[in-house]
Each structure stands twice: as C-alpha cells, then as structure tokens.
Amino acid sequence: MNKNSENTTLQIHDIDFANGAVLNINKPVGWTSFDVVKKIRNLTRVKKVGHAGTLDPFATGVLIVCTGPATKRINKFVEDKKEYIGEIFLGAETDTYDSTGEIVKQYEGQDFPDISVVEEIINRYKGQIEQVPPMFSALKVKGKRLYKYAREGKTVERKARKIEIFEIELLLYKYPLIKVRIVCSKGTYIRSLAFDIGRDLGTGAHLKNLIRTRVGDFILEDAWDMDEFVNLIHEVELCQ
C-alpha cells in the first residue's frame, strides 16, 4: 500500500491491517527495520507484522512491511531487485564499512583517482560477483551473529556469497565523494561494495550515506514517511 492518494486519511482508514496489508514505508535514519515493525505492530494492534529486507539503521528508504496474512508474501518481496543510491567516502576505512564505525585505516598522500579510473573500477562490479559479508552484519557463524564477534574485537572467516549487480552507475565524483546508483540482487551489502571499491582504487573507502529507492515495484516517491503514517493512524482513531 503506497501513499499515492489525494485523501491519505481515507486511504489509511480503508487499509485492513488485520486481514493483510503490504505497506511501503520510508524508513527513518536511526531506526532499525525492527523498530519500524514494532511501531506498526503497536499502532495497528496486529500481532503478526514483518518486513521484507533489512535496512541498516543509518540508511533510509523503501522498507516493505507486511501485516497479518500478507506476511506470507515476504519471501517474494525479499527476492525482488533492490535499487540504492549510495555515497562512498574515499580515503578512510572503518570497522563497520560505513560512517557509523571507527576509522581503522586512513590513506594519506594518495593521488586523487581520475574519473575514468573510478568509472572503470565501478563497472568491474557489474554482473555476478562473489562478495564477503562485513563483520558487522547479522549473519550467523557457528550459531552466533557476526556483529557479536565484532563487538568482542574478534574477526572470523566469512564465506564469499554469490550476488548480482544488474546496474551500477556513477552519478557524481568529487573527491573524496563518489555517488552511485546500484540495482542488485538480495543479499548484497552496499557497505562491502564500498569497501571493495576503495581497496581497488588504492584509497580505501567507507559508505557515507545510503538510500534504498526501490524494491521491485515499490518506489521511494510513493512511500509513507513514518511520522506521516503515525499521525494519520492517530487521526483515524480519533474519528472513530
């Protein structure tokens, strides 16, 4: 369910959360994907609520949330292609591969890569590739989530996983920032992609910002802002 309607309050009123709704939510920065699920569960008073593909807390954008019987469709949405807009910061690597982590390596005295080199390196990632997940991720190794090992200062071996980059486009390059648009398969870590690009460029890098702009047919322009969604739910409750 998108927000595209002249009368959004009426549209909210027409959603049957208990009998199954699919919601296109613009996840706010600082929220976990589960935070969104928990909020919608509390608002709608529907016990069965889930999301179709985790977004990191620092990222924003399309998060598909399903309620009631519609949770059976989650696996289908997980399989859909995802589109992201990401900003990659060159010159420093962090332990999380993104801007929330601690800087673990800085590259000083490096020449700025020419734009032709940046484009060539980025284009190498188009197609089917193998990617090593970051230590700060929810994947399990020996029954324990990787981020728990990482918080203990431990690094464990991670197996590379096959993913596919269907499209990758350089939108902007102004050192130290690279802005890219990526269309990819499930299981792709844009943080790992940023890290690998930095290594290939010889400058190091981490992901500064990330927006998920599309999941399958669900686009960011049609997504509910979380504050708007919450306010409309409360308005409907007051009218009842």
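Tabulated results
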item	result
Total residues in region 181-199, condition of a type outside the set (Ser, Thr, Tyr) and within 15 Å of Tyr97 (Cα to Cα)	9
Exclusive hit being assigned to a loop (DSSP other than H, G, I, E, B) and either under 23 Å from Glu120 (Cα atoms) or out of contact with any Lys or Arg (no Cβ under 6 Å at 6 or more places or on another chain) (or both), set Lys208, Lys186, Lys162, Lys179	Lys186
Top-ranked residue of region 82-135 - restricted to ones that are in contact with a Lys or Arg (Cβ under 7 Å, 6 or more places away or on another chain) and without any contact (Cβ under 8 Å) to a residue 60 or more places away in the chain, ranked as farthest from Phe166 (Cα to Cα)	Pro133
The one condition in (1) assigned to a loop (DSSP other than H, G, I, E, B); (2) over 16 Å from Asn209 (Cα atoms) that Phe58 fails to fulfil	(2)
Pairs where the first residue, in region 202-230, is over 30 Å from Gln106 (Cβ atoms) and in the same structural domain as Trp31 (by TED's automatic domain parsing) and the second is among the hydroxyl-bearing types (Ser, Thr, Tyr) and assigned to a helix (DSSP H, G or I), C-beta under 9 Å, 6+ apart	Trp224/Thr8; Glu228/Thr8
Listing of strands (runs of 3 or more DSSP E) fully contained in region 79-148 that carry 2 or more residues being over 19 Å from the mean Cα position of the chain (by Cα), under 28 Å from Val215 (Cβ atoms) and not basic (Lys, Arg)	127-131
Cβ-Cβ under 7 Å pairs, at least 6 apart or on other chains, region 12-25 side at pLDDT below 85, far side not in a loop (DSSP other than H, G, I, E, B)	Ile12/Leu232; Ile12/Ile233; Ile12/Val236; His13/Val236
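The values are calculated or read from the model by the stated rules, or taken from the named source; none is laboratory data. No experiment lies behind these values; they were computed from the predicted model shown. A quick note on method: Cβ atoms are made from the backbone with ideal geometry, for glycine too, and the neighbour counts reach across all protein chains shown.
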